[in-house]
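Beneath this line is the structure, given in C-alpha cells, with notes to follow.
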Ligand SMILES: [K+]
Ligand SMILES: [K+]
C-alpha cells in the first residue's frame, strides 16, 4: 500500500526499502523511520500507517491476553481438579469475548486521550479543529499502541513543558504498556494488592521502579546539558525527565533531542529500552515480567532458597527457564544486531547499540542515523524489529504450550514471560 | 610494599592510588595499569608485582580445584551411598595434596615457557642472558597466570609476527586458563572424550568455538585496518588474529594496538572478555562453563525438552540457577561499572564499556585511557577488578555448599560455574 504513488506527499512512488521499512515499523509498533512521517507521506499514506499501527497493536494485545488467560485457565482448572482435556483449549466463544473486550478497551482509551489532545491542540496551539482532531487521533492511537509515530518532524519536542499533552500521551503509553489483563485486574481489585496475580504484581512493581530510576537518571545525567533538559525551565525539567523515562520503555516519542543526550544517559536509555514494558501490552523489549522474574530468581539464589517465591506463589522451574531463554535470546539478538550495524556502516558504538536495541525493543527512538544508514543496515533493523516483535512472545508461547505437564507439589501460578 | 620509595624507578614514593591500583591489578591478575610497569617501577617493585601475580594465580587455581573436587566428591560418594556426613568435608591431607599438585603443575608449566622465551629473547632479540632470563620468567609467570603484565611498555607489540614468542605465550595462557582439573583430565584420558566430565566437555568445546570465532572475527574486522593487522605481512595476520583472540579471553597481553581497533572489533572483544576462560583456571569473566551451560539451557528450552542434558548427564536445576545468577550479576556489574565510568569521566561508550568489562573480567586490555581517568573512576575499576575476581567464584561456592540436598532421581553430575 505504501509503495503506491498515492501514498507520498510528492506523488512519486516511494523506494521499496522505505515503504517496507515504514510498513514493518508501523505494524511492529516500533516507530523508527527512514523518512519523515508528516512531510514525506500523504494523508492517505499516513492513514495507512495509522491503520497498520492499530492492527499491530490490537493483534499483539489480543494474543497476549489470550495467552495469559490460557495459562491461568489451566491452573485454575487443575487446582479445582477438573477434567484434564479441557485445560488446553479455549472455546471460540472465549476468544470472541476476549477480542471484543480488548478492542473495546483500546478504542475507549484511545478516544479519551484523543479528545484531551484535540481540545488542547485546538485551544493552546491554534490549530483548526480538523487538524487538531487529526493530530489528536493520530497521537492517541500511536501512543496507546506504543508506536511512537508522530506527524511532527520533531516528535513531541514542540510540546516540551506542556503537562496536558505530555501527561495525556504518557498516560496512554503507560496504560497500553501495562496491557489489558493487568489493567483489568487493577481496576477490579486495586484496593487489595494481596489478591493480585504474579503477572500484575511483577508488572506494577517493576514498572514503578523503572519509572523512578529512569526519571532520576535522566535528571542527574541531563540537567546540566543545555541541549536537552538544561534548556527547559527548572519547573519543567522533572516533567521532561519523567516523560523521557516513560518513552524509553517502549513508546518512542521524544520530547528532547536524543542525538544530544550524554553518553551515560544514552546507555541508561539502552537498558530501559531493552527491559521494555508489560508482557500483555503493546510494549516491546524482553518485558518487565521477564526482568522481574529473573531478579527474583537471582535473589532466591543469593539467599540460598531452593524455591523462587513471588507473593506466596512458587514460580515453576519451567517459567524460570522461559524467562532465562527470552532474556538470553534477546541479548544475543541485540549483540548480533549491534555488531552487524557496526560492520555495515561507519557509526559509533553509542549509535549502533542504541539503534539496535531501539529496533529490537520496538521503541523507535533514534540518535538520528536511521535515514542515513546503508540499505543493508536498514534491512538489519527490519529484521530486528520483526524478531523483537514476533520472536520472544511466540517463542514463550510455543514453549509454554508445548511443555509437558508434571505433577505439582505446591500451589503454583504460571505467568507469561517475553 | 609498592608504596615504598624503593619500589619505583625514580626512588620517589608512588601515590597511594597508583600503588593500590597496581597491587589490586596484580593480585587479581588483571593487568590494567595506571603507570608503565617496565619504566615506572624499580626491579624491586617489579619482583613484588610478580610475586603478587604468582600468589593471586596460585590462590585462585587452588581454590577452584578444591571446589571442583568437593563437588565431584559429594556426588561420587552419594552415588555409592556412603555415609552422608563424609560428603561435605575434605580432609586436610586432601587439601595439602591438591595444593602441592597445583603448585607443581604451575611451576613446571611456567618453567617450560620461561626456558623457551629466554632462549628466544637471547637468540633473536640480542638480549644479554640475564635480561633475557628475567624477561622470560616475568612473561611466563604473567602469561600462565593470565595476568597480562609486561615489562615492555607496548606489551607484545614488538614481537608481532614472531611465532615462537607468541606461540609460547599463547600456550601458557590457554593452559593456565583451562585450569588444573581440566588439564589433568585431558592428560589422563584425552583419547576418550566419552569419559570426560561435564566441566571438561564444556570448557574444551566452548574454548575451541570462541577461539575460532574470535580469530575469524579479528581477521574480518581488522585485516583492512592499516593501524592493526593490516600493517603485518599477510602470512603473519592469521597469527596476529589468533593471538588477539586468545588474549581477549582474559590474558590481556596485546600484540596489536587496542586503541586503533575498529568499533566492531572492540565490541567483539568486549563479548569475548565478558565470557572469559575456564572455571578452574586463572582466567576471569563469567567463565566458559557458565556461558556453555546457559547455551545448553536455552537449547533445551527451544527444543522443548524438560531436562538439560550435557553428554548423557542431566544438569541439576541448582546448577542452572547458579549459572544464571553468575551471568546476570556479571551483567549488572558491567552495566553499573560502565555507567559510573561514563558519569565520572568524559570517555566514549566504546572506551567505558571496554575498560569496565576488561576490569570485571580481569583481562587488562585497555584502549589506553586508564592512566588519564580521574581517581574516582580508577577506584571504580579497582572495585570492578575485586568484584570480578572474588565475586562470581565465591558467590557460586557459597551457593553450592549452602544449598540443601534433595533426593535425586537420575544420575546427576555437578560442575562449578562462575
Ligand atoms: K515504539
Ligand atoms: K589479565
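The values are calculated or read from the model by the stated rules, or taken from the named source; none is laboratory data. Please read all numbers here as calculations on a predicted model, not as lab measurements. Every residue, glycine among them, receives a Cβ derived from its backbone with ideal geometry; neighbour counts consider all protein chains shown.
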Original post:
What number of residues within segment A:19-45 are within 14 Å of ligand 1 (Cβ to nearest atom) and farther than 17 Å from residue A:366 by Cα?
Top reply: 1
Subject >> Near pairs, Cβ below 9 angstrom, 6+ apart or cross-chain, from segment A:142-154 (farther than 19 Å from residue A:106 by Cβ) to any residue that is within 16 Å of ligand 2 (Cβ to nearest atom) >> reply: none
**OP:** Answer yes if at least one residue in segment A:119-128 is more than 17 Å from the chain's Cα centre (by Cα), away from ligand 1 (no atom under 16 Å from the Cβ), part of a loop (DSSP other than H, G, I, E, B) and buried (at least 20 other Cβ atoms within 10 Å of the Cβ), and no otherwise.
**Re:** no
**OP:** Kindly indicate which of B:331, B:290 is modelled with pLDDT of 85 or more, surrounded by 24 or more Cβ atoms within 10 Å (Cβ to Cβ) and more than 16 Å from ligand 2 (Cβ to nearest atom).
**Re:** B:290
Subject >> Matching residues, segment A:225-258, being within 16 Å of ligand 1 (Cβ to nearest atom) and assigned to a helix (DSSP H, G or I) >> reply: A:243, A:244, A:245, A:246, A:247, A:248, A:249, A:250, A:251, A:258
**OP:** Would you mention how many residues in segment A:138-162 are under 17 Å from residue A:112 (Cβ atoms) and part of a helix (DSSP H, G or I)?
**Re:** 7
Subject >> So residue B:274, is it within 14 Å of chain A (Cβ to nearest Cβ), in a helix (DSSP H, G or I) and within 17 Å of residue B:28 (Cα to Cα) >> reply: yes
Original post:
Among (1) farther than 20 Å from residue B:170 by Cβ; (2) at pLDDT 75 or above, where does residue B:236 come up short?
Top reply: (1)
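Quick grid of which residues meet (1) within 16 Å of ligand 2 (Cβ to nearest atom); (2) more than 26 Å from residue A:144 (Cβ to Cβ); (3) modelled with pLDDT of 80 or more; (4) surrounded by 17 or more Cβ atoms within 10 Å (Cβ to Cβ):
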site: A:210; (1), (2), (3), (4): no, no, yes, yes
site: A:217; (1), (2), (3), (4): no, no, yes, yes
site: A:220; (1), (2), (3), (4): no, yes, yes, no
site: A:226; (1), (2), (3), (4): no, yes, no, no
site: A:242; (1), (2), (3), (4): no, no, yes, yes
site: A:246; (1), (2), (3), (4): no, no, yes, yes
site: A:253; (1), (2), (3), (4): no, no, no, yes
site: A:263; (1), (2), (3), (4): no, yes, yes, yes
**OP:** Only residues that are more than 7 Å from chain B (Cβ to nearest Cβ) and either closer than 16 Å to residue B:293 by Cβ or not in a helix (DSSP H, G or I) (or both): list them for segment A:300-322, please.
**Re:** A:305, A:307, A:308, A:309, A:310, A:311, A:312, A:313, A:314, A:315, A:316, A:320
Original post:
So, in segment B:280-292, of the ones that are away from chain A (no Cβ under 11 Å) and in a helix (DSSP H, G or I), which residue ends up nearest to residue B:252 (Cα to Cα)?
Top reply: B:288
Original post:
Tally time: how many residues in segment A:336-352 are closer than 19 Å to residue A:258 by Cα, more than 7 Å from chain B (Cβ to nearest Cβ) and not in a loop (DSSP other than H, G, I, E, B)?
Top reply: 3
**OP:** Name the one entry in B:383, B:361, B:387 that is under 18 Å from the mean Cα position of the chain (by Cα), surrounded by 21 or more Cβ atoms within 10 Å (Cβ to Cβ) and more than 16 Å from ligand 1 (Cβ to nearest atom).
**Re:** B:361
**OP:** Looking only at segment B:353-366, count how many residues are farther than 19 Å from residue A:331 by Cβ and either within 10 Å of chain A (Cβ to nearest Cβ) or out of contact with any helix residue (DSSP H, G or I) (no Cβ under 8 Å at 6 or more places or on another chain) (or both).
**Re:** 0
**OP:** Check B:191, B:201 and return the single one that is part of a loop (DSSP other than H, G, I, E, B), surrounded by fewer than 22 Cβ atoms within 10 Å (Cβ to Cβ) and either at pLDDT 80 or above or more than 13 Å from ligand 2 (Cβ to nearest atom) (or both).
**Re:** B:191
